[in-house]
Amino acid sequence: MTVKNEVLHILENNRGSNISGQDLASLLQVSRTSIWKAINSLKLEGYIIGATSNKGYSLSISSDVLSVEDIRPFLKEEYKDIPISIYKTLTSTNTEAKMAILQNAKHGAVILSEEQTKGRGRLGRDFFSPPQSGIYMSIILKPHLNIANSLLVTTATAVAVCLSIDKFSKESPQIKWVNDIYIENKKVCGILTEAVTDFESGTVESVIIGIGLNVKTKENSFPEELQGIAGSIFNTDEGFNTRNQLSAEIINKVLSICESLEDRTFLEIYKERSMILGQDIIFKKNNEWFEGFAQDIDENGGLVVLLNNGQRAVLQSGEVSIRKKNN
Ligand code: BTN
């Protein structure tokens, strides 16, 4: 561990209380200048560290910076060594993941960024990704799946994210087919899965699971078109310092659910969390809107819809909305 990481470790364990430069220097058996340098470089990385001449240094309760050192301890033993890269800013973690795949990225590699300047959503939309308030993450899988089974990755990830949020929030998140996660009727997470396929063998070589979570984005900072539609997991200070742990939890859950994708046990949880099953819906197919009743999720994660003319349709992707009742 570097001096900087050791200083951070001690400050983390004493969050909110002061520790003198002299004590840090003695504990780590380095000079006070080394401590001063480490503190300055942590501040440059965005850590909020108070310094008073007679009391020493203290890491603010509200300091919340994504770091490999703070994520790794929360990973399950079998994932402790996965490669994790964290950036201050990127256009898109999914785009970065594609480049990493070209350079032979390993199964389970994770890319995170504090901010995305061109965050991508489904259907060619943008994903609002302001700094220091969300989790913008891409996980690379080398699954050796056939193309049909790889569609399940998105469904499985939605379940993994819901179960991870459960650990930190009082609210129980729900899933709007295919992969949007809602809390109190506001979208708090979107998932964009992209695959690199080998046409000759008909298998999926790599999958990029892009997860965008609004962790503590302030309501009034969302752009106008998202006002009242997008929300955050935490709207108070309760979740001030959970992004590292929540990221670790999501990585653990996504990697472990995806290991047993083909047994499909997660589909039961997916159905329990569904916002649309048992509801009248409208959906878009080939640029046309249709009405129907959301009846079931099939074994491939497809949405089974009972159409108004009595026929059944199975949707594999697309956009659905709950139909408003006419009074
Ligand atoms: C959607 O809601 O339509 C999907 C949004 C997916 C956003 C995530 S953020 C991390 C990853 N990088 C991207 O550019 N997009 C995904």
State whether the residues of the stretch 73-94 include one that is assigned to a helix (DSSP H, G or I), within 20 Å of V196 (Cα to Cα) and either modelled with pLDDT under 95 or among the small types (G, A, S) (or both). no
Looking at the stretch 164-247, what strands (runs of 3 or more DSSP E) fall wholly within it and have at least 2 residues that are out of contact with any Pro (no Cβ under 8 Å at 6 or more places or on another chain) and among the hydrophobic types (A, V, I, L, M, F, W, C)? 186-198, 203-214
Take the residues of the stretch 88-119 that are open to solvent by less than 20 Å² (accessible area, probe 1.4 Å) and more than 10 Å from the ligand (Cβ to nearest atom): which is nearest to E225 (Cα to Cα)? E114
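Residue-wise test of (1) of a type outside the set (G, A, S); (2) more than 27 Å from R15 (Cβ to Cβ); (3) free of Cβ contacts under 8 Å to residues at least 60 places away in the same chain.
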| residue | (1), (2), (3) |
| --- | --- |
| L246 | yes, no, no |
| N286 | yes, yes, yes |
| G301 | no, yes, no |
| G310 | no, yes, yes |
Within the bounds of the stretch 276-288, is there any residue that is polar (S, T, N, Q) and in a strand (DSSP E or B)? no
With respect to V65, determine if the residue is modelled with pLDDT of 95 or more, among the aliphatic types (A, V, I, L, M), open to solvent by less than 20 Å² (accessible area, probe 1.4 Å) and farther than 17 Å from V196 by Cβ. no
Yes or no: the stretch 35-47 includes at least one residue that is among the hydroxyl-bearing types (S, T, Y) and out of contact with any Lys or Arg (no Cβ under 9 Å at 6 or more places or on another chain). yes
If I go through the stretch 70-84 residue by residue, how many of them are farther than 14 Å from T242 by Cα and either touching a Leu at 6+ places or on another chain (Cβ under 6 Å) or not aliphatic (A, V, I, L, M) (or both)? 7
What's the number of the condition L24 fails, among (1) open to solvent by 30 Å² or more (accessible area, probe 1.4 Å); (2) over 30 Å from I135 (Cα atoms)? (1)
What about R273, is it farther than 30 Å from E12 by Cα, open to solvent by 10 Å² or more (accessible area, probe 1.4 Å), more than 16 Å from the ligand (Cβ to nearest atom) and over 19 Å from the mean Cα position of the chain (by Cα)? no
I'm checking my understanding of the structure. Among residues of the stretch 120-136 that are crowded, with 18+ Cβ neighbours inside 10 Å and in a loop (DSSP other than H, G, I, E, B), which one is farthest from the ligand (Cβ to nearest atom)? S133
Give just the number: which of (1) within 16 Å of the ligand (Cβ to nearest atom); (2) open to solvent by 50 Å² or more (accessible area, probe 1.4 Å); (3) within 16 Å of I269 (Cβ to Cβ); (4) not aromatic (F, W, Y) does S172 not satisfy? (1)
Could you grab the pairs with beta carbons closer than 7 Å, sequence gap of 6+ or different chains, first residue in the stretch 137-158 and closer than 22 Å to D180 by Cβ and open to solvent by 10 Å² or more (accessible area, probe 1.4 Å), second one part of a strand (DSSP E or B) and of a type in the set (A, V, I, L, M, F, W, C)? S150/A195; S150/V204; S150/V207; T154/I191
Run down I233, I211 and say which single residue is under 26 Å from T91 (Cβ atoms), more than 14 Å from the ligand (Cβ to nearest atom) and modelled with pLDDT of 90 or more. I233
Is it fair to say T193 is within 13 Å of the ligand (Cβ to nearest atom) and either without any contact (Cβ under 8 Å) to a residue 60 or more places away in the chain or open to solvent by 50 Å² or more (accessible area, probe 1.4 Å) (or both)? yes
Within the stretch 109-166, residues farther than 28 Å from D298 by Cβ and polar (S, T, N, Q) come out as S113, Q116, T117, S129, Q132, S133
State whether the residues of the stretch 196-203 include one that is over 14 Å from the mean Cα position of the chain (by Cα) and either of a type in the set (D, E, K, R) or within 11 Å of the ligand (Cβ to nearest atom) (or both). yes
Every listed condition ((1) out of contact with any Lys or Arg (no Cβ under 8 Å at 6 or more places or on another chain); (2) over 13 Å from M275 (Cβ atoms); (3) of a type outside the set (K, R)) holds for E205 save (1)
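The values are calculated or read from the model by the stated rules, or taken from the named source; none is laboratory data. All of these numbers come straight from a predicted model, not from anything done at the bench. We place every Cβ from the backbone using ideal geometry, glycine too, and count neighbours over all the protein chains shown. Surface accessibility is based on the protein's heavy atoms, side chains included, excluding ligands, DNA and RNA. Shrake-Rupley method; radii C 1.70, N 1.55, O 1.52, S 1.80 Å.
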